[in-house]
Amino acid sequence: MTIKEVLNMGLINNEEMFIRDDDFHLLAHGVKGDDSIREYENRELESFTWDKDGTLYFDVKNNEPLRIIIAANPNPLNYPIVEKRLLAYLKEKSMEAQIISGKQRGVHTLGEQFAADHGYKIVSFPEDWIDGKNENSAQDKKMVEYASNAHGVLFAFWDGESCEIKSMIQIAKLYGLEIQVVLTRW
């Protein structure tokens, strides 16, 4: 059943309503007829709820694929460990997924290898160069922003010391991504 079908049942008047995804992230807020609500009218519902103060919540099914960023120390990486962790996670989620790549050596090539080996789509964010310098932080932010527009996940393979991975974790926290940290000593 869609939001539009529920709105046409006659149960809802001009009440304030919130539309959330399956992780309870707010997608829209307004009243019946608002553009922000109409944008989601054809989305399939998981459920809808009135809380005790009369506020209405629509929980929509997630039609977007997972958006996964893989970040790791620049040390030699062990593909079987990355592959094992990602396969276990994706099996549990049983959702479509995209692998977000920064098109750099090392971990990004592992993500691309994983996507190629298992049939996942790759979304690339090539490096930014400003005044002859690689701007990893700008690239990281672009990848996290993209991931945050759906169910974004950061897989950080981290030795607990790398400033670059720590920065990526902090950016992902700011944008509300799910974060999976795998402590490594490779």
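Restricting to DSSP loop positions (anything but H, G, I, E, B) with no more than 14 other Cβ atoms inside 10 Å of their own Cβ, which chymotrypsin sites (Phe, Trp or Tyr not before Pro) remain in region 7-58?
Taking region 7-58 and a limit of 14 other Cβ atoms within 10 Å, the loop chymotrypsin sites (Phe, Trp or Tyr not before Pro) found are F24.
Approximating the spin labels as points 7 Å out from Cα along Cα→Cβ, the D117-to-E15 distance works out to 5.0 nm. Computed over neighbours whose Cβ is under 12 Å from that of N78, the net charge equals +2, Lys and Arg +1, Asp and Glu -1.
Mean 1/r over all different Cα pairs, inverted: what Kirkwood radius does region 1-103 give, in Å?
Values: mean 1/r = 0.0615 Å⁻¹.
The answer is 16.3 Å.
Listed options for log10 I(q)/I(0) by the Debye sum over Cα atoms at q = 0.09, 0.10, 0.17, 0.18 Å⁻¹ are (1) -0.43, -0.51, -1.21, -1.32; (2) -0.42, -0.50, -1.02, -1.09; (3) -0.40, -0.47, -1.11, -1.22. The value calculated from this structure is the one marked (2). To the nearest ten degrees, helix 79-93 and the longest principal axis of the Cα atoms of the chain are 10 degrees apart.
Between K91 and K4, 0.36 nm times their residue separation minus their Cα-Cα distance comes to what?
Details: separation 87, 0.36 × 87 = 31.32 nm, distance 3.23 nm.
Contour length minus Cα-Cα distance gives 28.1 nm.
Give the angle, between 0 and 90 degrees and rounded to the nearest 10, that separates the Cα long axis of helix 136-148 from the longest principal axis of the Cα atoms of the chain. That helix lies at roughly 30 degrees to the long axis.
Full extension of the chain between E145 and E83 gives 19.9 nm of extra length, using 0.36 nm per residue less the Cα-Cα distance.
Would you mind checking the pairs K61/K93; K61/K91; K93/K141 and listing those with alpha carbons more than 20 angstrom apart?
Details: K61/K93 14 Å; K61/K91 18 Å; K93/K141 25 Å.
Too far apart for the 20 Å limit: K93/K141.
Candidates G54, I37, L154 compared by Cα position along the dipole of the chain: farthest toward the positive end lies L154, with charges placed on Cβ. Normalising by residue count, region 3-60 has a Cα convex hull of 73 Å³ per residue. The amide H of L66, built 1.01 Å from its N in the peptide plane, has E96, A97, Q98 as neighbours under 5 Å, considering only residues 5 or more places off or on other chains.
Placing +1 at every Lys and Arg Cβ and -1 at every Asp and Glu Cβ, with all other atoms neutral, what dipole size does the chain have around its Cα centre, in debye to the nearest 20? If you can, show how the numbers build up before the last one.
Values: 21 positive and 31 negative charges, 124 e Å.
Dipole of the chain, to the nearest 20 debye: 600 debye.
Helix content alone sets the calculated 222 nm mean residue ellipticity of the chain: runs of n ≥ 4 DSSP H residues at -39500 (n - 2.57) each, divided across all residues, give -9500 deg cm²/dmol.
Every read-out reported here was derived from the displayed coordinates using simple, explicitly stated rules and does not represent laboratory data. Source: prediction; values computed, not measured. For neighbour counting, all protein chains shown are included, and Cβ atoms are generated from backbone atoms with ideal geometry for every residue, glycine included.
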